[in-house]
Amino acid sequence: MRIKDIRWNLEYTSRANPTISITIVFSSGVIGRFASPAGASKGKLEAPSYPEGGIESAFRVLKELKTKLVGREFFSQREFDNFLSEFDGSNNYSRIGSVVSLGCSVAFAEAAALENNVPLFHWLSNGVASSYPLPLGNVLGGGKHSRGRSIDIQEVLVFPLKAKSYREAYEALVYVHKKVGELLIQRDPGFTGGKNDEGAWTTSLSNEDAIQLVVDAADLVGSELGVKLAVGLDVAASTLFDEPSASYYYRKMNKYLDKEGQISYILELIDRFNLKYVEDPLEENDFSGFSRLVESRGNKTLIVGDDIFVTNVSRIKLGIKDNSANAIIIKPNQVGDLTKTMEAVREAGLGGFKIVVSHRSGETVYSHLSHIAIAAGATLFKVGIVGGERIIKHLELIRIEEEMGGLRPATINL
Ligand code: PGA
Ligand code: ZN
């Protein structure tokens, strides 16, 4: 796999913010291309998107990288990603930024899969992938994805506990999304039809009324279609956390909750709404708070770490030691290349964590993430339900399922 050329272009995420697509051409003529997404509620320890100096510096870095890459031959994904990591030299891609590193890593992987005549998920899993994840979709949201004008909780999510096919599972989520819109017309006098960054509805209802509405929509659709649906939350608690007072601020209720208050509130929500999934219920450094939730509800609910782990092996090790989660969000751009992403997946698997591969709120119109989710052996694939940049990822999974066969759906025992 000899690199013949590397090119780049200014592109846009779904928030119409600039990002960079990177194209890698092998001497055989095959090409791979990818543009990194961008988050809004980022973990503090994520790899930075851009070098110091922003996107202009990233363009300069790419010119420098091109002189080193062109003509060079690579034999594996690991060798290519290690080359990127050494070129960066900082350990967390702070010199070149994750838009450059992940763009190159995924573009290389796509070209490599083509060169070797295998699907991308096959290339990334060395051929051992055997299942595909079920979709986990954001239907109603607030927090940083809605300019603070909806509920405090960032995301209310729905997922099937079991499905015969990805198509059936995705269709069920589409119906729940539509049903939530209909119920909002009936129950929310302030409803404008507005949707947020991930295509989830926004509402003027209270946090609890909003969750209840999603539970009702999931029940209605679930019994209509005969699919068992579950409801969950991404609290994104770091975005509610006020450091000076060490408490969580709920704007809708105009209430501050300290750590104990937050833990009791989350337990109350889990029980009242039978939540099967709770992501980032506490701020990103509260390993002990997370483990309290795993101890008391981990047998029936996924307690999921996103900002606390940032797809980073050393943070995952801390979480395993403290029993701080039973599932983890994997976002490739948090760590900056596919080798590091798969290392995080492996480490999390050793700790018995379920894998949830996730989009970012500012997504790009590429579908490589669907292959990454399969290669990671993910149980859930967290992607918004509507919007072209999300739909393309679901369609890719359906295509893989229907055209390639041989993969079985993940099962979730909760
Ligand atoms: P993002 O957040 O806006 O950083 O992509 C999504 C999430 O918290 O899961
Ligand atoms: Zn999250």
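All of the numbers you see were taken from the coordinates with simple rules; none came from a lab. Model, not experiment: these values are computed from the prediction. Cβ placement follows ideal geometry from the backbone for every residue including glycine, while neighbour counts extend to all protein chains displayed.
Taking R0 as 30 Å, what FRET efficiency do you get between SER90 and GLU295 from their Cβ-Cβ distance, rounded to the nearest 0.05? Write out the running numbers ahead of the final one.
Working: r = 37 Å, r/R0 = 1.23.
Given R0 = 30 Å and the Cβ-Cβ separation, E is 0.20.
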Under a plain spin-label model, where a point goes 7 Å from the Cα along Cα-to-Cβ, how far apart in nm are ILE185 and ARG78? 5.6 nm
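Counting each DSSP H run of 4 or more residues in the chain as -39500 (n - 2.57), what helix-only mean residue ellipticity at 222 nm follows after dividing by all residues, to the nearest 500 deg cm²/dmol? Don't skip to the answer; put the middle values down first.
Numbers: 13 runs with 163 residues, N = 414.
About -12500 deg cm²/dmol.
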How far is helix 287-297 tilted, in degrees, relative to the longest principal axis of the Cα atoms in the chain, given as a value from 0 to 90 rounded to the nearest 10? 60 degrees
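Out of all DSSP beta bridges with both ends in the chain, state the antiparallel percent to the nearest 5.
Numbers: 32 of 54 bridges.
Counting only bridges with both partners in the chain, antiparallel ones make up about 60 percent.
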Name the aspartates and glutamates eligible as straight-distance cross-link partners of LYS4: C-alpha to C-alpha under 14 Å, and not fewer than 8 places from it in the same chain. GLU73, GLU115
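Going by how many other Cβ atoms sit within 10 Å of their own, how do SER245, SER98 line up, fewest first? Before the final figure, lay out each step's value.
Working: SER245 10, SER98 27.
Fewest-to-most ranking of SER245, SER98: SER245, SER98.
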Going fewest to most other Cβ atoms within 10 Å around each Cβ, MET342, MET253 line up as MET253, MET342
Here, VAL118 and LEU10, labelled 7 Å along Cα→Cβ, have an inter-label distance in nm of 3.9 nm
Pull out a ≥ b ≥ c, the square roots of the eigenvalues of the alpha-carbon gyration tensor of segment 284-387, then state rounded if a/c is under 1.5, prolate if not and a/b is larger than b/c, and oblate in the remaining case. prolate
Which of ARG297, ARG78, ARG60 moves most in a GNM of the chain, Cα contacts under 10 Å? ARG60
To make sure I understand the rule: partners must be lysines, Cα under 22 Å from the Cα of LYS321, and not fewer than 8 residues away in the same chain. Which ones qualify? LYS44, LYS259, LYS300, LYS331, LYS340, LYS354
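Once you have the Cα-Cα distance between ALA246 and ASP209, take 0.36 nm times their residue separation minus that, and quote the gain in nm to one decimal.
10.6 nm
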